[in-house]
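Working notes, beginning with the structure itself.
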Amino acid sequence: MKDKLESALAKGRKAAATGKVADYIPELGKADPNALAVACCDMDGQITAAGDTETTITIQSISKVVSLALSMIDCGEKKVFSAVGVDPTADPFNSIMRLEMRAPHRPQNPLINAGAIVVLSLLPYRDSLSRYEAVLDLTKKLCSNHSISSNEAVYLSEKATSDRNRSLAYFLRSVGSLEGDIEDILDSYFHQCAIACTVRDLAVMGATLANSGVNPVSGERVLSPRIALTLRALMAICGLYDGSGEFALRVGIPAKSGVGGGIMASAPGNMGLATVGPSLDPKGNSTGGVRVMEILSDQLGLRVL
Ligand code: GLN
């Protein structure tokens, strides 16, 4: 397995060189564009990793999977999916356009920014910090790593600059699709996006989803089989935003990306697969990561779509 990961990684480095590190969140611009790592975790909890495995990235949009899981646990699917839809969009992750164009003005799915902000607003916690801590706690269980914390510099950098997410949230409130203290909800969104992980952590998270909600490293049931399945289905149709269709054709497994450069993928009953590579394509997906996953999906027979 290690040899296969190494060889996919060597090929992926060429693709990584074609991307660009995200800098619309100023602190993310400091990431190493050449870093690339891959890891997999099988259903026995065996982890294999290669490349720049000590690189830590912020999970960014991958956190949307965790807060969605938490909302299903705390509020139930019915409430969650009456507040956000379950359909893909062909628009960028932070697009505002479709929210205005058609009634009901609710976000089309929970994995775009507007949807993730609405999902956070549903959680039954006192304030931003307790909401964030609940998401962090579930992240630790999904990754079987209790030392995970957030990168406070990235959190504060996004909080200081995120006009777009503020616009989305206030617009949603104006059309009656978001209730509560907007700045408080956004604060927990920025904080959860800044949770810092390695490629191993993300591989274990993918494996927990692949193993119907039981973390194969700790043996703990973290999610119900139904929630794990719902997350995988949504990842398959909208996990890479407007790049989800291309990813389905090239790689063919449920996955979620983030602009920190991570991709967390889940091959059901088989393995979690993750890559870290901060160089992104124009849609915000890791160029090296997608290429490495494409090669490995083919070689390891992971495709399910
Ligand atoms: N924090 C980022 C944002 O809201 C997350 C986006 C992403 O990873 N696609 O812009």
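General observations
- Ranked by the mean number of other Cβ atoms within 10 Å per residue, highest first, peptides 32-38, 247-253 order as 32-38, 247-253.
- Peptide packing: for 129-138, 184-193, the average count of neighbouring Cβ atoms within 10 Å per residue gives the ranking 184-193, 129-138, highest mean first.
- If you take the Cα centroid of segment 230-266 and the Cα centroid of segment 39-84, the two points sit 12 Å apart.
- Label-point separation in nm, Ala90 to Arg126, each point 7 Å along Cα→Cβ: 4.8
- 3J(HN,Hα) from dihedral phi, segment 292-299, Karplus parametrisation 6.51/-1.76/1.60, rounded to Hz, x for glycine, proline: 4, 5, 4, 5, 6, 4, 5, 5
- Entries in Lys4/Lys256; Lys79/Lys159; Lys14/Lys159 that, when Cα-Cα distance is taken, lie over 30 Å: Lys14/Lys159
- Karplus-derived HN-Hα couplings along segment 120-136 (A = 6.51, B = -1.76, C = 1.60, θ = phi - 60°), whole Hz, x at Gly and Pro: 4, 5, 7, 5, x, 10, 4, 7, 3, 5, 5, 5, 4, 5, 5, 5, 4
- Ordering of 258-270, 66-78, 158-170 by packing is 258-270, 66-78, 158-170, highest average first (other Cβ atoms within 10 Å, averaged per residue).
- Counted charge near Ile295, where neighbours are those whose Cβ lies closer than 9 Å (Asp, Glu -1; Lys, Arg +1): +1
- On Cα atoms only, tilt of 182-193 relative to the major axis of the chain in degrees: 0
- The angle between the Cα long axis of helix 225-238 and the longest principal axis of the Cα atoms of the chain comes to about 90 degrees, rounded to the nearest 10.
- Net charge, Ser224 excluded, C-beta distance under 15 Å - Lys, Arg +1, Asp, Glu -1: +2
- Average 1/r across all pairs of distinct alpha carbons in segment 1-123, invert it, and you get the Kirkwood radius: 17.3 Å.
- Estimated from helices alone, the mean residue ellipticity of the chain at 222 nm is -14500 deg cm²/dmol (sum of -39500 (n - 2.57) over DSSP H runs with n ≥ 4, per residue).
- A cut-off under 9 angstrom between Cβ atoms defines the neighbours of Asn34, and their net charge, with Lys, Arg +1 and Asp, Glu -1, is -1.
Taken together, the values in this text are just the output of simple stated rules run on the coordinates, not laboratory data. What you see is a predicted model; the values in this text were computed from it and never measured. Quick reminder, even Gly has a Cβ in these numbers, built from the backbone with ideal geometry, and neighbours come from all protein chains shown.
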